[in-house]
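> One structure, pasted below without further comment.
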Ligand code: ASP
């Protein structure tokens, strides 16, 4: 029988009502999970001492999750990370980069309604997640949610009201669950790269900037000029276009010259940054921004943190940013 380790970090799924709103209730989720039918796998649950609403996630939490999985990689056949939905796509992206070479299923899940509420989606999400974690040929980090399995580094939270909380707009689902699961194995990736024994540092200063018409462009430029960031995600328009704004471009140039990796991605839900498609894409390229293709904002932040931690020089880091590592970006 497969041995599965469940790391329970927090999130709505195990929350209960408090006078201030929903908050994690220690011990509740493991007690409730004992109600799931036995027989599919041997399930060990580790509840983190500080359960969080995932809006509080930090790189330190990611290092802990990575360390817990790497440290137990030989004892378990698959891993489930129970997580809040707010930042689930960031965590799934980060785990995808940091766990390259693990070659075992890592399934991130949670729910929109707590398990203790009638009609909670948590029960289905948990049993689908267990099913996915028991697939010996699944070698990726995935999100299982509302009857679909998505590539973790392609997923986005798209709904804070309905059950269909996640989608991967630039990547078809890796599985769909029904009476019988449809495993789209032809879309699965095999593990590549060597698994590092230690979680990456992830201590780089990385921030994201969302371009808007008007004063925003100049303010982003000023921030990039003033802040000694290691990495910056710039969310530009359409195929990577931006206004020919002097302060914005001076900020990107100054940051790039200082060694900040500026990654240009699109605000659009689908499609990619395509330098040269429009003349309006050229100023950012000339200023030194790295085109990020169809990376999601979540994967862009995770990729920058991971690349900044690589023990290589700046030229190699820029090159690493443009490569596809875990299926996070379409390569032409
Ligand atoms: N605020 C919650 C969290 O992300 C939302 C959820 O889990 O659905 O932890």
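> What is the residue count in segment 218-242 for residues that are surrounded by fewer than 18 Cβ atoms within 10 Å (Cβ to Cβ), in a loop (DSSP other than H, G, I, E, B) and at pLDDT 95 or above?
Selection size over segment 218-242: 1.
> Out of all the residues in segment 158-182, which are more than 19 Å from residue 96 (Cβ to Cβ), in a strand (DSSP E or B) and either under 19 Å from the mean Cα position of the chain (by Cα) or in contact (Cβ under 8 Å) with a residue 24 or more places away in the chain (or both)?
Across segment 158-182, the qualifying residue is only 176.
> Give segment 11-37 a look and list any residue that's within 16 Å of the ligand (Cβ to nearest atom) and either assigned to a helix (DSSP H, G or I) or in contact with a helix residue (DSSP H, G or I) (Cβ under 7 Å, 6 or more places away or on another chain) (or both), or say none.
Within segment 11-37, 11, 12, 13, 14, 16, 22, 24, 25, 28, 29, 32 qualify.
> Is it fair to say residue 64 is within 14 Å of the ligand (Cβ to nearest atom) and surrounded by fewer than 18 Cβ atoms within 10 Å (Cβ to Cβ)? First the steps, then the outcome.
Numbers: within 14 Å of the ligand (Cβ to nearest atom): no; surrounded by fewer than 18 Cβ atoms within 10 Å (Cβ to Cβ): yes.
No.
> Let me ask another. Quick check on segment 135-157: of everything there that is part of a loop (DSSP other than H, G, I, E, B) and in contact (Cβ under 8 Å) with a residue 60 or more places away in the chain, which residue is farthest from the chain's Cα centre (by Cα)?
Of all residues in segment 135-157, those part of a loop (DSSP other than H, G, I, E, B) come to 135-140, 146-147, 155.
Still in the running and in contact (Cβ under 8 Å) with a residue 60 or more places away in the chain: 136, 138, 140, 155.
Working: 136: 22, 138: 18, 140: 12, 155: 7 Å.
Applying the filter and picking the extreme gives 136.
> In segment 296-323, what residues are in contact (Cβ under 8 Å) with a residue 24 or more places away in the chain, farther than 16 Å from residue 230 by Cβ and out of contact with any helix residue (DSSP H, G or I) (no Cβ under 7 Å at 6 or more places or on another chain)?
Across segment 296-323, the qualifying residues are 297, 322.
> Only residues that are in contact with a strand residue (DSSP E or B) (Cβ under 9 Å, 6 or more places away or on another chain) and either assigned to a helix (DSSP H, G or I) or under 18 Å from residue 35 (Cβ atoms) (or both): list them for segment 123-134, please.
125, 126, 128, 129, 130, 131, 132, 133
> Out of (1) within 13 Å of the ligand (Cβ to nearest atom); (2) exposed (fewer than 15 other Cβ atoms within 10 Å of the Cβ), what's the single condition that is false for residue 54?
Unmet condition: (2).
> For segment 38-79, which residues satisfy the criterion of being touching a strand residue (DSSP E or B) at 6+ places or on another chain (Cβ under 6 Å) and part of a strand (DSSP E or B)?
Correct list: 42, 43, 44, 45, 46, 47, 48, 51, 52, 78, 79.
> So, one more: Just one of the numbered conditions (1) part of a strand (DSSP E or B); (2) under 14 Å from residue 108 (Cβ atoms); (3) within 12 Å of the ligand (Cβ to nearest atom) is not true of residue 5; which one?
The one condition residue 5 does not meet is (3).
> Kindly provide the set of residues from segment 83-101 that are within 16 Å of the ligand (Cβ to nearest atom) and in contact with a helix residue (DSSP H, G or I) (Cβ under 6 Å, 6 or more places away or on another chain), ordered by number.
Correct list: 83, 84, 86, 87, 89, 90, 92, 93, 94.
> Quick one: which of 274, 280, 299 is under 20 Å from the mean Cα position of the chain (by Cα) and either surrounded by fewer than 23 Cβ atoms within 10 Å (Cβ to Cβ) or outside any strand (DSSP E or B) (or both)?
299
The values are calculated or read from the model by the stated rules, or taken from the named source; none is laboratory data. These figures come from a predicted structure and were not determined experimentally. Every residue, glycine as well, gets a Cβ built from its backbone with ideal geometry; the counts of neighbours run over all protein chains shown.
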